[in-house]
Every structure is written in C-alpha cells, then in structure tokens.
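Values quoted throughout were computed directly from the atomic coordinates according to the rules given, and no laboratory measurement underlies them. All values reported here derive from a predicted model rather than from experimental measurement. Note: ideal-geometry Cβ built from the backbone for every residue, glycine included; neighbour counts use all protein chains shown.
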Amino acid sequence: MEIIDAKPGETLLLLGNEAITRGALEAGIDFATTYPGTPSSEIADTFSKIARYLKAKGKDVPFYFEYSTNEKVALEISAAASLSGLRSLTCMKHVGLNVASDAFMTFMYVGCRGGNIIVTADDPGCHSSQNEQDNRYYAIFGNAPMLEPSNPQEAKDMTVDAFDISEELGLPLILRTTTRISHTRGIVRLGRIKRSRRKGRFEKNPFMVTVPSVARARHPVLLEKMKEAEKLSERSRYNKIIERGGGVGIVASGVSVGYALDSLEILGIQADILKLGFTNPIPREMCGRFMEEHKKIIVLEELEPILENRLKTIAHDLGIDVEVFGKDSGHFSRLYEYNLDIVVEGISKILGVENPLPEGGKTKLKLPSRPPVMCPGCPHRASYYSAKRASPRDTIYPTDIGCYTLGRSPPLKMADVLLCMGSNAGMACGFSKATDQKIISFMGDSTFFHAGIPAIIDAVHHNHDCVITILDNRTTAMTGHQPHPGTDLTGMGEPARAIDIEQVVRGLGVEYVRTVDPTDLKECEKAFREALDFKGPAVVICKHPCILIENRERRKRGEGIPVYQVNQERCKRCNRCIKEFGCPAFYFDEDGKVRINEELCNGCGVCAQVCPFGAIEKVGERK
Amino acid sequence: MKLDIVLAGVGGQGVLTMASLIGRSALRSGINVLVSEIHGMAQRGGSVRCTIRMGNVNSPLVARGSADCIVSTEPLEALREIDRANRDTIVLTDVNPVVPPTVIFEDVDYPSVETILDEIRRNCRLIEIDANELAKKAGDIISKNVVLLGALSAIDILPFSHKILLEEIRKTLPYKDINTRAFNLGRKEIMRRKDEKR
C-alpha cells in the first residue's frame, strides 16, 4: 500500500483527501475520528484502509481510528484525546460541523493540549450535499485558526504544520477544503512519517469545566490566543505574494489560487497574486501592504465574500484608497463553485480586456438529463414500491440523507421533504399533529444511529401517529460503504458488537415494530399496511444488504449474477415494471418493447414479482 | 507542454478508473498532472465528468473550448461535453447508448446514435468505437473502459508510451488477462484504421 509504504522524497498521485491523511501520519497522529460524508470521506477511509492493511501484515497500527456515531461524538472523542496530550484529527463534510458545532464552540474556550485538527470539506456547487454553506464562517464564529490548502501537495504540507500551530496556540484548528481540493488528484512529494505516542494522560484542571464563571474567564483567553494566531498568520509560509508585476493585485485562497494563475496565462496579462492559505486570522498587515501597492484589487473566493469584506475593513481602518472588485461589484457570484470559464470572464470584464477562450462546441439537440439514480437491484426501490402500494394518496413521505433520497425521482416519487440527518422522523412527528394525512418517513440504518433515535423517542413519548421506516442495507452506502454501529466490524477491521436496530426500537417503547426483507414484495407491503393501520408510532425495518455489497460477496464466493430478460411473448405491455417500479436497467427499444440492459442489471429479480404476467424470467448467469 | 483531457460517461462505467490510470502514467513519466474526480451522490448512475490536465497547469478543470481530447464511455455523454471542445478536439467515444430513465418520464427523447455522432462530427474530430463488442471479446463487458484506454493510446495524443499505460493497468487492476486483452483490442482497432487510411 503505497501511501504508507512509500519512502520520504518519493512522489505519489494522491487525492487531496489522501494527502491530508498522509500529512497526519507525517505529523505523528495518534487519534482520528469521523462520520463519513462526501467530499470528506476518503480522509477517514484511508486511515481505515491503512489500519486494516497493517493488521493483515501483522504490524502495529500507529494510531487509533474510528467511524463514530455522528460528527458531534467524533469531535468529542478527538477532544478527549487532545486533552490527554495526543495528536488528534476529526474529519467531516461541511454540514457535519453543524452537528458537531455544540461541542466545537466550547472546545475553543477549553482549548487543546495535543494538536487538534478539525477538517471540514465544503461543497460549493452542492455536488453531493443539501446546501453549500461556507464553513469559513465557523472559524470566525468560534475563533478558530484556519488553514485552506490550494492543491493536494499543500493539503499534505498544511496538515503536518497544522498540528504544530495548534499545539503552539493551544487551540483546535480548522483545515478547510472544498470538493475541488478534496477530489483533485495531484503529485505529492512525501515527507517522513513521524512516530506516534498512542497513549496520553489526562491532567485535571478546573478550567476545563465550563460553568459560567469559567466560560467568562476563558473567553478573553481565547481572544488573546487569536492575537497570537494573527502573528503566526503574518509570517506563515502559506500567506505569500506571487510576484508577476502589473498594477493589479489578485487576492485568492483555496482552489481559486490555481484559477488565478491559469487565468492570467489564458488572458496573457500580469498581476501580483496575494495567496492566502492561513486565512483566519487574516494577516492584516500583509493585506494592508498589498492593497497599498495596488490600485485595483480583485478578490477570488468561492461562496461568501468573506475575504472581500475583511479586505474592505482593513482598507477602511488603514485609510487605504483602493478599488476592491469581487462579489459586491457584481463580477463574481456568491453561488456555486468557480471554474476557469468564470474566473477568466470575471477578470476580463474588470480589466476591460477581451476574453480569449474559444466559444466551444454547440448543439441544438435537446439532451435528456442523467441525474444520479438508485442502482439497479437496490433494495430501497423494493421498499418504496411496497410502501407506495400500501399507502393512500396524499400520504406524506419525509425523507433523509442517503442513497434513498434518490427515491424522489419518478416513477417512485417517495421523498417529499428533507432538511438534514435524522429530520425524517422529527418531521413525521410534526406532520402527524399538523395534518390529518398519513405519514411514512424513511431513513437509512447509519442515519438511524446518527440522529434518528431522539425523534423516535419523541414519537413514542407523545404517541405521534406515523410510520417511520428504517431502510437497513447493512452499510453506509452513499459515502462509500463504511461500517456503522449496526455492523460487526470497526473501521480498524476489528470485531465489533453490532447493535440490533429492532431491539433498540423496541427498547424505546415502539409497540408496532416489524422487520421485513423488502425483496419479498408481498410481505413488505403487508407490513406497511399494518403499520399504517396501527394507532401511534409504528416502525418498519426493511432489511436487505446493498446490492453492490451483495454482488461483491457473490463474486468472491465464485457465484454468478443472475441475468433476467423480458419474455416478449408473455409481455402484455402493461409497462408496470418500467413505469411504476422504474429500475434503470429497463428501457424501451425502438419498437416500444420493454427490454433489460444486461450491462446494468444486477440480477435482484424483484421485477419478476412486479410483473403480473410472469413475463420476466431468469435466463442465465453472468460471472 | 499542456494537455487537457475530458473523460465522460455514466456512473459505474469506470470513468474514475480511467482517470486514475492516465494520471498515474503521467506521474511515472515525470509530467505534472491534475485529475479532478467526482464522488458520492454524483456517481450513482448519473453523468460523470473527470478532467485531466497535464504540464504547466495550476487548476483542475478544463476551460470552455479548450479540451484537446474528450473520451467517453457513452455517446450522449460525449455530446454533453461538446462545449469543452473546439474544431481540433478529438472526441473518442463508445457508440452503445445507455438510455437514462428520464426519457420515460420527461418530454425529451434519446436522440438516435447517428444523430449524436453527426452532431459531434459537425463540431470536431470524431473517432467512434464499439467498445462493448471489443470488451466482450476480451472476456467481460466491464473492461470497456480499458478498451477505450487502448484506443486512446493509439491516437498519438498522450505524452507517454502506451507501454507505460498498459503497465499501470496491469499493476493496478484485477482480471489482468481480460484487461490486457481489452487494452490491446482497443489499440489494435485504431491502429488498423490508421493503416487503412495509409
């Protein structure tokens, strides 16, 4: 496994996320925790792979790693490690920090002992997220020092240095990436992996118990530490001027630094670039000097105008006469991610030069869209199909975060509202009181453990009349098949006690609980009908492994994947398979006949139960 | 030197694997490279776009009209990337449609493959290949992405030898025999067409 076996000085092609993990190893990390979430997942998955790889070779694993129940728990665990003197890291997607924010805000008051890094992977453009919040605000909100890498090499280097900075200040530090940093592969030159300590010791100190009097004493200490942090920011090697000449200055951070450099070349113009990597606290003096030296400043940052507003404040405070162009001037948007097209166009408009990018090819054809869908053979499709058949029109279907959110697409249309992890059950409770409609809500198994349980307690305590479904596919599928508390292996590949979802639900006091295999359509539909008839909260657990894992296991055992086809002589063209069940392996051929795409079919065979005429049959197996 | 490649296809067809293999080959050849990938929700059967930039580059995405080459595992997805192309761009695409379920529920048809290919031809230089057929010949349809890598290695655009790419494939992927056959079949198909032209 090259990421751990490669020697110092060697180069590897690493994802930004993998580079962060390597950086943590080079900093001698002792402790890493996470709850998986795109675009952060590969940071933690790389720790998990390394642990299992070393274990298989009979070697000692130099760190402790776990997939925690949720981001808040993950941060609390890593805070405890840090307060015991260990170097620890927690990684999560941007919305994960919302979950962890309660712990985060006060952890900043307590401060850390061993270096503590909180990695937040933001998702401008919502590639795989429910919002595109800008977590740089969290650094300002909580008074946390923040580093922002602009490429995979820097992601590695910054992670190493972040631990030193965190320890020097005694403050947890936010390392903030975006999708285009986390999921860009680039060449990374490696350093030496440092030995870790593994065990620390907790020294008691009354200032860690944040009662009001302590909190009042700790807040000014935090602000003092941030003054020290500003001095580090002023002389950090991650804040620097790339001199290219010209009277215009560009200020950029993160992936926008690369767009700035490439845009200048495309435009054939010169401009100095102030590249900011240590972005909170912002180096005020350095920014002031840069603005003094340039008449026009262009700010390149995705999402919110945070640098832009700070630069304007600094210019105002220091009485610098400078024009600042960015979002307020209307040249750049607060929406979505940037790319070369946007940055070249923006700079060319500001400077009044021609945009030299070629127009690009064009077509007048209307192209069908291809949004992500639930995989062929996905057990969630069977669960939705049965729930839909069982429920009256006008039933409300609150949904949650996972592959099953894709059930919103036609023909199933089984997702009506979504806020965040666990919101399905809370909203089910609300709708049950606010309306006379029937309610069936859906959440995944990992979501159940993460944030689903408190709302079920609410449903039981108040006797809310709703059906809450747990789609248990035995894994955290959407983010890449990580384990969760309901599975029997830890992230380090050790045996774990699998928590039985049905037992938990019964323990909460739910009286109607039924576990069914959703690929048995009749049984599944029956369970939903009974649950809807039950007065009070009812829970249906649809338990069947993710088809991708099921087929991987089949291949390992040397078994084939069944191949199904439509028997055209029996088919009566009712189209129920394609228009109601809607597996993406079905398509209409040029004669309007329904066929199964053999490249896509995963062989679950549920469609054979859907067909009222027995026209879908197994015709063989493929290896 | 600068080379911009766009890889496109449908989630599950191995686009990410192609990107990583090309990237690793560049690294081995001492060429600077950035590969942008797409993960998570974006890959569940949806459109997938990866970009590979080599040489003197600092950012991962390919600008409008600037792709040197577009490689696609599906014809509609090749056409979807046409705004990245200019007149000199080579579009190498498989010809087997994967019809998205949206055509059943929305008022948009999947255009005929010939119409799609004509649209690409009108804009840039098209190289079409039946990668499914060659992949089946190699032993498994799943190797169609490697067929396309073999074909790509024969169009003289990559700044490293096809041998390096094949070595990376053999080093990284399982089913080495099938994948080696798939690579060679894709490569030979393009070489054969070149010979015919001469």
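Each DSSP beta bridge with both residues in chain B is either parallel or antiparallel, and the antiparallel ones are about 50%.
The charge dipole of segment A:560-622, taken about its Cα centre with unit charges on the Cβ atoms of Lys, Arg (+1), Asp and Glu (-1) only, comes to about 260 debye.
Which log10 I(q)/I(0) values does the protein assembly as shown give at q = 0.05, 0.07, 0.08 Å⁻¹ under the Debye formula, counting every alpha carbon as one identical point scatterer? Debye curve over Cα of the protein assembly as shown, log10 I(q)/I(0) at q = 0.05, 0.07, 0.08 Å⁻¹: -0.28, -0.56, -0.74.
What residue among A:Val73, A:Val160, A:Leu54 has its Cα farthest toward the positive end of the dipole of segment A:28-164, where the charges are +1 on Lys, Arg and -1 on Asp, Glu, each on the Cβ? The residue sitting farthest along the positive end of the dipole is A:Leu54.
Along segment A:8-21 the Karplus relation, 6.51 cos²θ - 1.76 cosθ + 1.60 evaluated at θ = phi - 60°, assigns HN-Hα couplings of x, x, 6, 10, 10, 8, 10, 5, x, 5, 5, 5, 5, 5 Hz to successive residues, with x for each Gly and Pro.
Report, to one decimal in Å, the Kirkwood hydrodynamic radius for segment A:560-622 based on all distinct Cα pairs. Walk me through the numbers on the way to the answer.
Values: mean 1/r = 0.0865 Å⁻¹.
The answer is 11.6 Å.
Using Cβ point charges alone (K and R +1, D and E -1), the dipole size of chain A about the Cα centre works out to roughly 1360 debye.
Of the cross-linked pairs A:Lys522/A:Lys618; A:Lys388/A:Lys526; A:Lys93/A:Lys225; A:Lys7/A:Lys199; A:Lys413/A:Lys526; A:Lys543/A:Lys572, which ones have a Cα-Cα span greater than 22 Å in the structure shown?
A:Lys93/A:Lys225; A:Lys7/A:Lys199; A:Lys543/A:Lys572
How many angstrom separate the Cα center of segment A:71-94 from the Cα center of segment A:508-535? So the separation of the two Cα centres works out to 39 Å. Converting phi to 3J(HN,Hα) with the Karplus coefficients 6.51, -1.76 and 1.60 and the offset θ = phi - 60°, segment B:88-97 yields 8, 5, 8, 10, 9, 9, 6, 10, 9, x Hz in sequence order, with x at every glycine or proline. Computed from label points 7 Å out along Cα-Cβ, the spacing between A:Tyr137 and A:Lys295 is 3.7 nm. Close amide H pairs (under 5 Å, H built 1.01 Å from N) link A:Met478 with A:Cys403, residues at least 5 positions away or on another chain.
Across segment A:560-622, the mean sequence separation of Cα contacts (distance under 8 Å, 6 or more residues apart), normalised by length, yields a relative contact order of 54 percent.
Database remark: amide H of A:Ser441 closer than 5 angstrom to the amide H of A:Val467, A:Ile468, A:Thr469 (H placed geometrically; neighbours at sequence offset of 5 or more, or on other chains; Pro and chain starts carry no H).
In chain B, taking the dipole from charged Cβ atoms about the Cα centre, the farthest positive-side position among B:Phe160, B:Leu134, B:Met18 is held by B:Phe160.
Under the combined filter of DSSP loop state and at most 15 neighbouring Cβ atoms within 10 Å, segment A:538-623 retains these chymotrypsin sites (Phe, Trp or Tyr not before Pro): A:Phe613.
Amide H to amide H distances under 5 Å link A:Tyr64 with A:Phe31, A:Ala32, where only residues 5 or more positions off or on other chains count and H is placed in the peptide plane. Here is how the number arises for the protein assembly as shown: DSSP H runs of 4 or more residues each give -39500 (n - 2.57), the sum is divided by the residue count, and the result at 222 nm is -11500 deg cm²/dmol. In straight-distance terms, cross-link reach from B:Lys188 covers every one of the lysines whose alpha-carbon lies under 20 Å from its own, apart from those fewer than eight places away in the same chain; here that gives B:Lys136, B:Lys137, B:Lys144, B:Lys163, B:Lys176, B:Lys197. By the rule of a C-alpha distance below 16 Å, with chain neighbours fewer than 8 residues away ignored, no lysines are paired with A:Lys227.
Listing A:Met108, A:Met208 from the residue with the fewest other Cβ atoms within 10 Å to the one with the most, what is the order? Show your work: numbers first, answer last.
Working: A:Met108 22, A:Met208 14.
Going from least to most buried by this count: A:Met208, A:Met108.
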